[in-house]
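Let me begin by presenting the structure, written as structure tokens, before commenting on it.
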């Protein structure tokens, strides 16, 4: 019997099991199409501020087409292209380098959008037979994603062309059951979207409060209600240090090791560690509560404050407060002021923040009591952000489990 493990109780009919080519042959869907290859493919020199969105695989993220961040080309140029004209309601599937991202083209302000050769559109012709939203959910399901990867070629940059995509298996039930499934999963997507928006708003709120606090536009008061004094001003080298002891695997005990890839972007989270005894390259020791900051490609904004002793890559600064607490320092390295300092970099292909520039720069900082109030306030926001981040993770895990059981 071709039927999923989990389905709504009013349905018990078998699902039709076909492939993409069969859907095309039966004129249920149009021929899948990607963007223009070769000489007529638009290049960076063709991009304009306002025009037809030119959608790349990187614009298809988390089930949405991010048209606001996509490149644009002139309509006159787009009209002259051969293929890749995608319309509202089309289902997009990324098929080169970034494999398997899926999204539905939203309501458009332009007649169409153009696709790059990295993205394929799927368009329903017979809407009595097949739902666009059901296609989207099917493409997201693990059984389809696994089949997609199995047909990919390429070692470093995976790729699956249109002809191979036509071989992909596709199963579907009655239109009524499709609608029920798509509606249910749409509700799950909406919940994830709401949580994501909440996470973004909290993050934006924190950035705004940091700007006000570190610029002294907003000040706390002492516990007795009195005003805190003026902030001191000194060179950074006198306020916090960038010093660490070198790690010798022959002399030091085995410790958890943090590489640059273990530092999550913008979150302060540590994604994992490895055993230091397995590492041969130069490593630096750090003590608990040290502030770690990735100096390589600092625009990635990688930082953390581990509560354990360990070692880290030499591409990570080990920062320790002298006249400021490490809790305050952890928040300061996330500020716009510190970001501006790290933007002064050395190297071109692999830029690194220049500590000498930072050390020689002056900053203003408050007394320890005000530092504590600032750090505690911002840390409380961090905790709220992390709670929502965990809720998003749980919701996505739940959806993945649903997709695993609701499709065949």
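Do we have residue 42 as touching a residue at least 60 places away in the same chain (Cβ under 8 Å) and either closer than 30 Å to residue 26 by Cα or assigned to a loop (DSSP other than H, G, I, E, B) (or both) here? Criteria met by residue 42. Considering 368, 403, the condition of being touching a helix residue (DSSP H, G or I) at 6+ places or on another chain (Cβ under 9 Å) and surrounded by fewer than 18 Cβ atoms within 10 Å (Cβ to Cβ) is satisfied by 368 alone.
Being surrounded by fewer than 12 Cβ atoms within 10 Å (Cβ to Cβ) and either within 30 Å of residue 356 (Cβ to Cβ) or in contact with a helix residue (DSSP H, G or I) (Cβ under 8 Å, 6 or more places away or on another chain) (or both) is true for just one of 253, 234, 259, 230. Which residue is that? Spell out how you get there, then give the answer.
Working: 253 fails: either within 30 Å of residue 356 (Cβ to Cβ) or in contact with a helix residue (DSSP H, G or I) (Cβ under 8 Å, 6 or more places away or on another chain) (or both); 234 fails: surrounded by fewer than 12 Cβ atoms within 10 Å (Cβ to Cβ); 259 fails: surrounded by fewer than 12 Cβ atoms within 10 Å (Cβ to Cβ).
Exactly one of 253, 234, 259, 230 is surrounded by fewer than 12 Cβ atoms within 10 Å (Cβ to Cβ) and either within 30 Å of residue 356 (Cβ to Cβ) or in contact with a helix residue (DSSP H, G or I) (Cβ under 8 Å, 6 or more places away or on another chain) (or both), namely 230.
Of the helices (runs of 4 or more DSSP H) lying entirely inside the range 299-376, those containing at least 3 residues that are farther than 26 Å from residue 245 by Cβ are 336-342. One residue stands out among those in the range 55-65 that are touching a helix residue (DSSP H, G or I) at 6+ places or on another chain (Cβ under 8 Å) and surrounded by 20 or more Cβ atoms within 10 Å (Cβ to Cβ): the one that is nearest to residue 120 (Cα to Cα), which is 55.
For the range 126-196, give me every one of the helices (runs of 4 or more DSSP H) that falls completely inside it and has 1 or more residues that are exposed (fewer than 13 other Cβ atoms within 10 Å of the Cβ). Spell out how you get there, then give the answer.
On the way: elements: 132-140, 142-150, 162-165.
Helices (runs of 4 or more DSSP H) meeting the threshold: 142-150, 162-165.
Consider the range 81-107 and keep the residues that are over 27 Å from residue 151 (Cα atoms) and in contact with a helix residue (DSSP H, G or I) (Cβ under 8 Å, 6 or more places away or on another chain). The one that is surrounded by the most Cβ atoms within 10 Å (Cβ to Cβ) is 81. Looking for something in a loop (DSSP other than H, G, I, E, B) and either surrounded by 15 or more Cβ atoms within 10 Å (Cβ to Cβ) or modelled with pLDDT under 95 (or both) - is there at least one such residue anywhere in the range 205-215? Checked against the condition, which is being in a loop (DSSP other than H, G, I, E, B) and either surrounded by 15 or more Cβ atoms within 10 Å (Cβ to Cβ) or modelled with pLDDT under 95 (or both), the range 205-215 yields no hits at all. For the range 243-251, check the following and say yes or no: at least one residue is part of a strand (DSSP E or B), at pLDDT below 90 and assigned by TED's automatic domain parsing to the domain that holds residue 358. The answer is yes, given that some residue of the range 243-251 is part of a strand (DSSP E or B), at pLDDT below 90 and assigned by TED's automatic domain parsing to the domain that holds residue 358. For the range 66-97, the candidate set comprises residues that are in a strand (DSSP E or B) and either over 24 Å from the mean Cα position of the chain (by Cα) or over 14 Å from residue 122 (Cα atoms) (or both); within that set, the residue that is modelled with the lowest pLDDT is 96. Would you call residue 121 closer than 21 Å to residue 21 by Cβ and surrounded by 18 or more Cβ atoms within 10 Å (Cβ to Cβ)? Judged against the criteria, residue 121 is a match. Just one of the listed residues (127, 104, 83) is closer than 26 Å to residue 191 by Cα and without any contact (Cβ under 8 Å) to a residue 60 or more places away in the chain, and it is 104. In a residue-by-residue description of the range 16-25, the property of being in a loop (DSSP other than H, G, I, E, B), crowded, with 16+ Cβ neighbours inside 10 Å and modelled with pLDDT of 95 or more applies to no position.
The values are calculated or read from the model by the stated rules, or taken from the named source; none is laboratory data. The model shown is predicted, which means the values in this text are computed figures rather than measured ones. Counting neighbours? That spans all protein chains shown, and the Cβs are built from the backbone with ideal geometry, glycine included.
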